[in-house]
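Single-structure report; data block below.
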Amino acid sequence: MTGPASSFPELTVLARQVDIEVGKVRARADAGGGAVSVEVDAFGAITDLQLTESGLRAGAAALSAAITASHRTACAAAAAAAQELRAPLLRDSRVAGAMEAFNQVPAVPETHLLRRAGRAPVDDDPPFGGGSFMRRA
């Protein structure tokens, strides 16, 4: 078999390899003069957090700011590393074609639940003597 379908297994292997490598991405950043160190994965989840005694003594506001700053910096570094790993896959014409097709699919309209004002909720369930019709007596 030749054509786009014949290359699908090859693309699947490449995507799996990229996914495995992205899963290994870690980035670390320090803040507060080294009082805080945060490590994150490619998705920004914290995988390690180190706090020094001096960081704890700095107070809640300073500690919060240092954690936030180091997390933000680590996330940016991890995202850049993951993007670099994904680049060969994203440059593949088959993936680009799929992404283009995906972007052309019309968005599903949002659904909204409307409640009518001034109406009491209706209880459609008949009473079962305090029990349930699902249980056997």
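The values are calculated or read from the model by the stated rules, or taken from the named source; none is laboratory data. Since we're looking at a predicted model, the values are computed, not measured. Glycine also receives a Cβ, built like all others from the backbone with ideal geometry; neighbour counts cover every protein chain displayed.
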Checklist line | Those residues of the stretch 8-44 which are in contact (Cβ under 8 Å) with a residue 40 or more places away in the chain and under 17 Å from residue 75 (Cα atoms), in sequence order | finding: 21, 22, 25, 26, 27, 28, 29, 30, 31, 42
Note to self: I'd like to check something: does the stretch 25-39 contain any residue that is under 24 Å from the mean Cα position of the chain (by Cα), modelled with pLDDT under 95 and among the basic types (Lys, Arg)?
What the structure shows: no
